[in-house]
1. Out of curiosity, is Glu72 open to solvent by 20 Å² or more (accessible area, probe 1.4 Å), acidic (Asp, Glu), in contact with an Asp or Glu (Cβ under 7 Å, 6 or more places away or on another chain) and under 25 Å from Arg137 (Cβ atoms)?
2. Could you list, in sequence order, the residues of segment 125-179 that are in a helix (DSSP H, G or I), touching a residue at least 40 places away in the same chain (Cβ under 8 Å) and open to solvent by 50 Å² or more (accessible area, probe 1.4 Å)?
3. For segment 2-48: of the residues being hydrophobic (A, V, I, L, M, F, W, C), outside any strand (DSSP E or B) and under 15 Å from Met80 (Cβ atoms), which is most open to solvent (accessible area, probe 1.4 Å)?
4. Does any residue in segment 1-18 that is farther than 16 Å from Arg88 by Cα come within less than 8 Å, Cβ to Cβ, of a residue that is among the charged types (D, E, K, R) and assigned to a helix (DSSP H, G or I) six or more places away or on a different chain, and which pairs are these?
5. Take Asp77 and decide whether it is open to solvent by 60 Å² or more (accessible area, probe 1.4 Å) and touching a residue at least 40 places away in the same chain (Cβ under 8 Å).
6. Residues in segment 202-216 that are more than 18 Å from Arg137 (Cα to Cα), open to solvent by 10 Å² or more (accessible area, probe 1.4 Å) and not in a loop (DSSP other than H, G, I, E, B): how many?
7. Of the numbered conditions (1) assigned to a strand (DSSP E or B); (2) out of contact with any strand residue (DSSP E or B) (no Cβ under 9 Å at 6 or more places or on another chain), Glu110 fails exactly one; give the number of that condition.
8. Residue by residue through segment 113-124, note down the ones that are assigned to a loop (DSSP other than H, G, I, E, B) and open to solvent by 10 Å² or more (accessible area, probe 1.4 Å).
Amino acid sequence: MQTIGLIGGMSWESSAAYYELLNRGTEERLGGLHSARTVMASVDFADVTALQEREDWDGVAAVLTEAGRSVERAGADFLMLCTTTFHRVADQVADAVDIPLLHQGDVVAEATRAAGVESVALLGTAFAMSRSFFTDRIASHGLKVLVPDAKHHDELNRIIYEELVHGKVLDQSRRTVVSMISELWDAGAGGVVLAGGELELLVHQADSEIPVFGCTTLHVEAALDRALR
């Protein structure tokens, strides 16, 4: 099994989901006492969020690049960013290391196309929804990408940053997000992408009339495919 390199901490809840899913997936595939070979560098979420809010993306890239190099030095065979929002600097991180970076956007796009979905809605942080770095990556695979109306961005951001990153999963917030998905379905979305592990704690397939594609779950499955091939 190859060693999977993880850059985590954004948030720790999301990183914990990555770690759990990688190990559960390894156990399911290999049986017995098998667990995933991983190396993680976990950054301080407060630090990188402060840099993001100042639009200091060179600063964010510097932090995540050093984390990526440390993971590489520790013996990782390939690299994953355990975050959607900070894929904003994925190319800089990839250029700074000599091991491949498994890009979350590519993984999600391949999964949606394999499911026969041509138009997807993306739910994530306000930053991920209002900027094009992640939606463009998905769209580059021939998909149409929709996002919620701007009037919903602040509320979705509040749910993520004030509730989910602290482990608070509330029914009222689930209903709010499901109503956003319904609007996007009416607008033509054939599936919904949950861009962030925190949202996968809140919304599940049973909550949606259209297919749900969880970025974290799909990213992990692709990593296991690569590590165990």
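The values are calculated or read from the model by the stated rules, or taken from the named source; none is laboratory data. Predicted model only: the values in this text are computed from it and were never measured. Here the Cβ is made from the backbone with ideal geometry for all residues, glycine too, and neighbour counts use every protein chain on show. When the accessible area is computed, the model is the full protein with side chains, heavy atoms only, and any ligands, DNA or RNA have been set aside. Shrake-Rupley method; radii C 1.70, N 1.55, O 1.52, S 1.80 Å.
1. Answer is yes for this residue.
2. Across segment 125-179, the qualifying residues are Arg137, His166.
3. Selected residue: Leu21.
4. Correct list of pairs: Gln2/Arg226; Gly5/Glu72; Glu13/Glu198; Ser14/Glu198; Ala17/Glu200.
5. yes
6. Of the residues in that region, 4 qualify.
7. Of the numbered conditions (1) assigned to a strand (DSSP E or B); (2) out of contact with any strand residue (DSSP E or B) (no Cβ under 9 Å at 6 or more places or on another chain), the odd one out for Glu110 is (1).
8. Ala115, Gly116, Val117, Glu118
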